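A short write-up of the structure that comes next.
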Amino acid sequence: MAVSPPMLATSWSELVSRLGYPALVRHGLRHTAFTWMADSGVQLYVLQRVAGHHDPAATARYLYPDHGAVRDAGGAFSAWWDSMGTRSSVQAASRFLVP
């Protein structure tokens, strides 16, 4: 027997209500899954294909940043910058400046 989308929605509503999570929506789980996949290292272009999006910006809107990872990235950059020394850091960065 084929299950129609309205029937699925009804079954979902009943299921999450019985589990005690009546506010849980399926689309929220999609956002969570893509965020967890990104946090595990899956690249954006792979997530884009899995999601069926044509625009990577659409996929990016599904992702919620891991603030700890963002903070760690900033710390890693700061450590690298400090290891370069002020003078050499400025010289290294100047290679990327447009004349």
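The values are calculated or read from the model by the stated rules, or taken from the named source; none is laboratory data. Since the model is a prediction, treat every value here as computed from it, not as a measurement. Side chains are part of the model used for accessible areas, which takes the heavy atoms of the whole protein and leaves out ligands, DNA and RNA. Shrake-Rupley method; radii C 1.70, N 1.55, O 1.52, S 1.80 Å.
How large, in percent, is the carbon and sulfur part of the accessible surface of the range 24-89 at a probe radius of 1.4 Å?
Accessible surface attributable to carbon and sulfur in the range 24-89 totals 62 percent.
May I ask you to give the solvent-accessible area per residue for the range 8-52, in square angstrom, as obtained with a 1.4 angstrom probe?
74 Å²
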